[in-house]
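Colleague: First the structure, then my questions, so here it is.
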Amino acid sequence: MKALLWAFCRQMRCFSRIGLIIAIRTQPGLASEGGFVAGPLGGSDLRAALAPPPGTYLLLMPLAGNVADFRDKDGSKSPLGFSGGTVAAGAGLYHVFEDMLAGGRVGLGITGVAGKVCLRISALNRSECRTDVGDTYMEAFWSRPIGELGMRGPAAEDPRRRYIPYGLTLGISLGLVLPTGAYSPESLANAGLNTTVLVPSLAATWISPPWLADGTELSARFFYNIHDRNDTTGYQAGDMVVLDWAVTERVGRFQLGPAGTYATQLREDRQNGKNMGSTEVVSLGGVIAADLPELGMFVAFKALRDIEAQYRLRVDRAILRIGMRF
């Protein structure tokens, strides 16, 4: 249910997640093929469980990432000397239906991405840059407000109630990553994973009555990634759990605060009957957003840094999300 925008002072969930961001894969390292988080481009942050009003929405997402290093099994920096980066642009189309289901809003969405990916391994004197399309993400979602659970928000006539859904909202989604991205087992910098990934998720957003400004929002989205086997290489990535979160303050048309991601594999990757290691990563950063109802738009910027990682490229990344309603 992300990647939606609330134009007209409402919402946009968006896609930021690491897998991008960077869609780079590196064959020399263990757990390399399974070391990226599949899911919505840009992941989740503020307004994670909220759904916009019925209608059709366009989402534009320029993004960039920089490879800091590669971390080995114990989290230590690889001596091979990894570096690189990516510049890309994504676009999403979402539709929220008029009809309700079990008291909640239902919608469908699809997102694609294309860009330039570069990777260098200094110790092997090997580097590659590649410009191509990435994998496609599709999802169906459902979102329902639960209520204020005994905590009293602003009075009914307060204008903030027109654009801030105080209380608790829950969301459910079923996503699917399709291997439409460019891929070659000989390539150092691939834009696609060459595997289908099923991505169910649960989300919750709580917006408190005004304390500091117009309301404090706590949002979280829990993903479960189920990877298919890469038939080209015989690589089977282990299932992965991912938690995206954000704690933000609403101040007029603005919303800002810290955001982050935690991802870990539940079992090791396997290839040719051998265990290939498992990935874990902790990312921290922040997000700032602005509703532009006079233009029918929503704009958000998020930056994240991987502060701890194992069997994974450690990446600094940023994404700008621009949403508009047709």
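Colleague: Identify the residue in the stretch 203-214 that is assigned to a loop (DSSP other than H, G, I, E, B) and of a type outside the set (Gly, Ala, Ser) and, among all such residues, is surrounded by the most Cβ atoms within 10 Å (Cβ to Cβ).
Modeller: Per the criteria, the residue is 214.
Colleague: Can you tell which of 76, 122, 143, 127 is free of Cβ contacts under 8 Å to residues at least 12 places away in the same chain and among the hydroxyl-bearing types (Ser, Thr, Tyr)?
Modeller: Selected residue: 76, the only one of 76, 122, 143, 127 that is free of Cβ contacts under 8 Å to residues at least 12 places away in the same chain and among the hydroxyl-bearing types (Ser, Thr, Tyr).
Colleague: In the stretch 167-216, what count of residues is obtained for those that are over 30 Å from residue 124 (Cα atoms), in contact with an Asp or Glu (Cβ under 6 Å, 6 or more places away or on another chain) and hydroxyl-bearing (Ser, Thr, Tyr)?
Modeller: 3
Colleague: Which ones in the stretch 175-203 are in contact with a Pro (Cβ under 8 Å, 6 or more places away or on another chain) and not hydrophobic (A, V, I, L, M, F, W, C)?
Modeller: Answer for the stretch 175-203, where residues must be in contact with a Pro (Cβ under 8 Å, 6 or more places away or on another chain) and not hydrophobic (A, V, I, L, M, F, W, C): 175, 192, 194, 195, 196.
Colleague: OK, next. Would you point out the residue of the stretch 168-189, among those that are modelled with pLDDT of 95 or more and small (Gly, Ala, Ser), that is farthest from the chain's Cα centre (by Cα)?
Modeller: 171
Colleague: Going through the stretch 101-143 one residue at a time, which ones are surrounded by fewer than 18 Cβ atoms within 10 Å (Cβ to Cβ), more than 26 Å from the chain's Cα centre (by Cα) and of a type in the set (A, V, I, L, M, F, W, C)?
Modeller: Correct list: 102, 123, 124.
Colleague: Quick check: anything in the stretch 150-159 surrounded by 18 or more Cβ atoms within 10 Å (Cβ to Cβ) and modelled with pLDDT under 90?
Modeller: yes
Colleague: Determine if the stretch 149-159 includes at least one residue that is closer than 16 Å to residue 50 by Cα, touching a residue at least 24 places away in the same chain (Cβ under 8 Å) and basic (Lys, Arg).
Modeller: No, that holds for no residue.
Colleague: List pairs: first residue in the stretch 303-326 and free of Cβ contacts under 8 Å to residues at least 60 places away in the same chain and within 17 Å of residue 40 (Cα to Cα), second residue of a type in the set (Gly, Ala, Ser) and in a strand (DSSP E or B) anywhere in the structure, Cβ distance under 6 angstrom, at least six positions apart or on different chains.
Modeller: 303/285; 303/318
Colleague: Testing residue 162 on (1) under 22 Å from residue 252 (Cβ atoms); (2) of a type outside the set (S, T, N, Q); (3) surrounded by 15 or more Cβ atoms within 10 Å (Cβ to Cβ), one condition comes back false. Which one is that?
Modeller: (3)
Colleague: Could you grab me the full set of residues in the stretch 47-84 that are of a type outside the set (Phe, Trp, Tyr), more than 16 Å from the chain's Cα centre (by Cα) and part of a strand (DSSP E or B)?
Modeller: Residues satisfying the conditions are 55, 56, 58, 66, 67, 68, 69, 71, 77, 83, 84.
Colleague: Return the residue satisfying two criteria in turn: it lies in the stretch 271-321 and is closer than 25 Å to residue 82 by Cα and among the acidic types (Asp, Glu), and of such residues it is surrounded by the fewest Cβ atoms within 10 Å (Cβ to Cβ).
Modeller: So, considering only residues that are closer than 25 Å to residue 82 by Cα and among the acidic types (Asp, Glu), the one surrounded by the fewest Cβ atoms within 10 Å (Cβ to Cβ) is 308.
The values are calculated or read from the model by the stated rules, or taken from the named source; none is laboratory data. Since the model is a prediction, treat every value here as computed from it, not as a measurement. Heads up, the Cβs are rebuilt from the backbone with ideal geometry, glycines too, and the neighbour counts pull from every protein chain shown.
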